[in-house]
Amino acid sequence: MSDDKDNHIEAHDHAVVLGAGVAGLLAARVLADRFARVTLVERDELPGDAPAFRPGLPQSRHVHVLWSRGVALIEELLPGVTDRLLAGGALLLDTPGDFLWLSPADWFHQVPGEKVLLVSRELLDWTVRREVLRHERIRLRSGSPATGLVGGPDGRSVTGVEFRDGDPLAARFVIDATGRTSKAPAWLAALGHRAPRSPGTTPVSDTPAATTRFRPIRRAAGRACTCRAARTSRAGRCSYRRTAAGGW
Ligand SMILES: Cc1cc2nc3c(=O)[nH]c(=O)nc-3n(C[C@H](O)[C@H](O)[C@H](O)COP(=O)(O)OP(=O)(O)OC[C@H]3O[C@@H](n4cnc5c(N)ncnc54)[C@H](O)[C@@H]3O)c2cc1C
């Protein structure tokens, strides 16, 4: 969805955010306090009516956890969003009461009094996006991959964003939030700038992820139980606590 009006906005009061994942959405919300117009540019066509899988977020097939500080910060920017997530099926759990996490290294340290939000990534993105796009200064341009940056006449600044189809979008300020597939280092190099060090060029983790559902087959004292992966015959150990909502 392209919007020609974007190109008539005074560039000096226009910011562009590339990527409408959680980082891009929250960045747009922050910039809306400073700029008259913020345009969120997203490669994918975004699901409108309900949370749904999209290619730009392949990790959304895995369960996601938000720790309390993250929940609080998003709530601060978008008041009421936590209640909307809970209404959509997210769970807010006490740790260590309701939630334990065994990593390859060890059990995560328990933080009494803290809460974690368990939520599908599709619900999180969809809910945050809906709240952010309520803001009158924020506009979405979806199905529109950015293909480069426009260099300023001084040879030092970035003054806009390029697209494969359509005119460039002029902007005073551009944020790259396109995640780990970011092309910003190459785009900056094409303008003659040195690429900044970023997670886009330095792997932050080599830990593979896999998600499956387990059902408890033998309960023991305390929180420990023996579980079996619902779709395989391999048994493993996990910890559980039945939640108020009836889940494990
Ligand atoms: C298996 C797995 C499990 C995870 N679990 C958790 C968890 O439990 N808790 C947690 O906090 N984090 C978790 N993470 C990490 C979390 O998913 C990432 O940190 C987060 O997605 C980064 O958000 P982002 O907005 O920076 O980037 P992304 O979510 O990658 O969003 C980037 C966006 O940019 C768009 N885009 C890309 N290129 C372009 C372009 N050229 N033009 C326009 N748009 C473009 C993409 O379509 C996408 O919408 C997990 C990650 C993985 C892989």
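The values are calculated or read from the model by the stated rules, or taken from the named source; none is laboratory data. Values in this document were obtained by computation on a predicted structure and should not be read as measured data. Here the Cβ positions follow ideal geometry from the backbone for every residue, glycine too, while neighbour counts run over all protein chains shown.
Observations, loosely collected:
Let's see how each residue does on (1) within 12 Å of the ligand (Cβ to nearest atom); (2) surrounded by 20 or more Cβ atoms within 10 Å (Cβ to Cβ):
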| residue | (1), (2) |
| --- | --- |
| 36 | no, no |
| 42 | yes, yes |
| 46 | yes, no |
| 63 | yes, no |
| 67 | yes, no |
| 70 | yes, no |
| 78 | no, yes |
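- Summed over the stretch 155-192, residues that are part of a strand (DSSP E or B) and over 20 Å from residue 29 (Cα atoms) total 4.
- Taking the criterion of being touching a residue at least 40 places away in the same chain (Cβ under 8 Å), more than 30 Å from residue 78 (Cβ to Cβ) and out of contact with any helix residue (DSSP H, G or I) (no Cβ under 8 Å at 6 or more places or on another chain), the only residue of the stretch 134-164 that qualifies is 151.
Residue-by-condition table, conditions (1) assigned by TED's automatic domain parsing to the domain that holds residue 161; (2) modelled with pLDDT under 95:
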{"site": "36", "(1), (2)": "yes, no"}
{"site": "40", "(1), (2)": "yes, no"}
{"site": "77", "(1), (2)": "no, no"}
{"site": "81", "(1), (2)": "no, no"}
{"site": "94", "(1), (2)": "no, yes"}
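- Among all positions in the stretch 141-154, there is no residue which is in a loop (DSSP other than H, G, I, E, B), at pLDDT below 95 and not assigned by TED's automatic domain parsing to the domain that holds residue 25.
- So residue 198, is it at pLDDT 70 or above, out of contact with any Phe, Trp or Tyr (no Cβ under 9 Å at 6 or more places or on another chain) and surrounded by 13 or more Cβ atoms within 10 Å (Cβ to Cβ): no
- Against the conditions (1) away from the ligand (no atom under 13 Å from the Cβ); (2) assigned to a loop (DSSP other than H, G, I, E, B); (3) assigned by TED's automatic domain parsing to the domain that holds residue 170, residue 30 satisfies every one except (2).
- Residue satisfying condition, being more than 15 Å from the chain's Cα centre (by Cα) and acidic (Asp, Glu), within set 75, 45: 45
- The single condition among (1) surrounded by fewer than 16 Cβ atoms within 10 Å (Cβ to Cβ); (2) modelled with pLDDT of 95 or more that residue 172 does not meet is (1).
- Count of the stretch 124-158 residues which are surrounded by 14 or more Cβ atoms within 10 Å (Cβ to Cβ), of a type outside the set (Ser, Thr, Tyr) and within 13 Å of the ligand (Cβ to nearest atom): 12
- Only one of the numbered conditions (1) under 22 Å from residue 59 (Cα atoms); (2) of a type in the set (S, T, N, Q); (3) surrounded by fewer than 18 Cβ atoms within 10 Å (Cβ to Cβ) is violated by residue 110, and that is (1).
- Matching option when the condition is surrounded by fewer than 18 Cβ atoms within 10 Å (Cβ to Cβ), within 15 Å of the ligand (Cβ to nearest atom) and not β-branched (Val, Ile, Thr), among 57, 117, 85: 57
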